[in-house]
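Report on the structure given below.
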Amino acid sequence: MTLVRGEDYAVGVAMETTPNTFVAATDYVRMREPATIQPVVEKVDIKETRATGVSSKGQEITMTKVEGEIPLNLRFRSIGYFLKSLLGTLTSATEAGETIVYRHSLLLNTAVVQPSLSLSMARGSFTHKKVTGAVVSKMSLSFPVDDVINGNVTIKAQGEATNSNFTAAYASTDHLAPHQTVTLKIAADVAGLSSATAIDVTDMKIELDRGTREKLSISSATPIGMVAKLLSISGSFTMDKDDDTYRDLALANTVKALQIQVKNTAQTIGVAAKPELTIVLPNVTFTTSEKRPLDDTITEEVSFVANYDDTAAKAISMSLVNEKTSY
């Protein structure tokens, strides 16, 4: 009997040059739990007018697809693959004053076809698998006060095949993001974010969802591609309530700019740079709710939705600073 611990599972990732054509992993992801990515088989019951007294005369496969989730800790190198697949546009440039540090700028590409990934699925002593044509359908990030920053990446892919054994190799430059490295700022507009005061919150999360679906054909039992729908961006943060600022913003439906910056100032890369992920939403609106315990302070959960901003001509922008040249 062969038994395998979950820690023996590993996922390597690489950007595909040609969609659905396998590329060997260029980085491996440090997962919080084993990824759930696996084939999903959809079947239909065959029902026919025969006097058998049984409801089904058999089953036929209608579609075989690959999907699942990768739970991970936020690390500043490997996260770039998933952000590029999710948003679509990533440009890289050497960071000012540095030679081995790069700033990657990310924007939403409105095309319905997202950049695809190859996944190298190491499975201990079980048969190893390669997954092709993978795209990120959804990503969530959580910023708890009692844990490192972590998230979940939802994957949809075209196919899975057997492969010779993969050997996981983790980059030492894939630095971690503790919760104390995050700051949240809100201002009247994007220009005001740099001088805005960081807000003290006890919990925060953000979710980016492309609603990606399989592109199907009656001539194939497997997807022939993936189609991205419209990006939705939402999130929330919780704080000890000290005034009605956010309640008033919600009631008036006031538009604000919001920035989430994760910058590990304890980790130097290159000459003097720090690993960094910055998310800027130029147009957000709010809703609020209170928790009112008898024996503790009133807390407020502020939920936000990011909208397209005509002035900025976008709904979201990101920048990622690390030691990887490009994706």
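Some observations on this one:
- Calculated FRET value between GLU98 and THR265, using beta carbons and R₀ = 22 Å, to 0.05: 0.90
- Across segment 101-139, the residues whose backbone nitrogen lies under 15 Å from the label position 7 Å along the beta-carbon direction of LYS215 are 110-117, 133-136.
- Net +/- balance of residues flanking LEU193 in space, Cβ distance below 12 Å, scoring K and R +1, D and E -1: +1
- The stretch between THR17 and THR299, if pulled fully straight at 0.36 nm per residue, gains 96.7 nm over its current Cα-Cα span.
- Take the convex hull of the alpha carbons in segment 41-133; its mean projected area over all directions comes to 11.4 nm².
- Taking N as the residue count of segment 184-296, its C-alpha radius of gyration divided by 2.2 N^0.38 Å amounts to 1.49.
- When LYS57, LYS84, LYS47, LYS215 are compared by accessible area at a 1.4 angstrom probe, the order from most to least is LYS47, LYS215, LYS57, LYS84.
- Gained length - ASP310 relative to ALA111, 0.36 nm times residue gap less alpha-carbon distance: 69.7 nm
- The chain: calculated mean residue ellipticity at 222 nm from DSSP helix runs of at least 4, using -39500 (n - 2.57): -1500 deg cm²/dmol
- Protection proxy ranking of 189-199, 72-82, by the mean of other Cβ atoms within 10 Å over each peptide's residues and highest first, is 72-82, 189-199.
- One chain, two ends: GLU7 and ASP200. Fully extended at 0.36 nm per residue, the span grows by 65.9 nm beyond their Cα-Cα distance.
- Kirkwood-based Rg to Rh ratio, the chain, C-alpha trace: 1.03
- Surface accessible to a 1.4 Å probe, per residue, for the residues of the chain, Å²: 50
- Carbon + sulfur, % of accessible area of the chain - ligands and nucleic acids excluded, 1.4 Å: 49
- Measuring r between the beta carbons of VAL145 and LYS47 and using R0 = 51 Å, the FRET efficiency lands at 0.40.
- Taking label points 7 Å from Cα along the Cα-to-Cβ direction, VAL227 and THR245 give a separation of 4.4 nm.
- Under Karplus coefficients 6.51, -1.76 and 1.60, residue-wise ³J(HN,Hα) of segment 5-19 in Hz, glycine/proline x: 6, x, 5, 7, 7, 9, 10, x, 9, 8, 6, 8, 7, 10, x
- For the pair GLU60 and THR162, a Förster radius of 25 Å applied to the C-beta separation gives a FRET efficiency near 0.55, rounded to the nearest 0.05.
The values are calculated or read from the model by the stated rules, or taken from the named source; none is laboratory data. The model shown is predicted, which means the values in this text are computed figures rather than measured ones. Quick reminder, even Gly has a Cβ in these numbers, built from the backbone with ideal geometry, and neighbours come from all protein chains shown. Areas reflect the complete protein model, heavy atoms only, side chains present, ligands, DNA and RNA absent. Shrake-Rupley method; radii C 1.70, N 1.55, O 1.52, S 1.80 Å.
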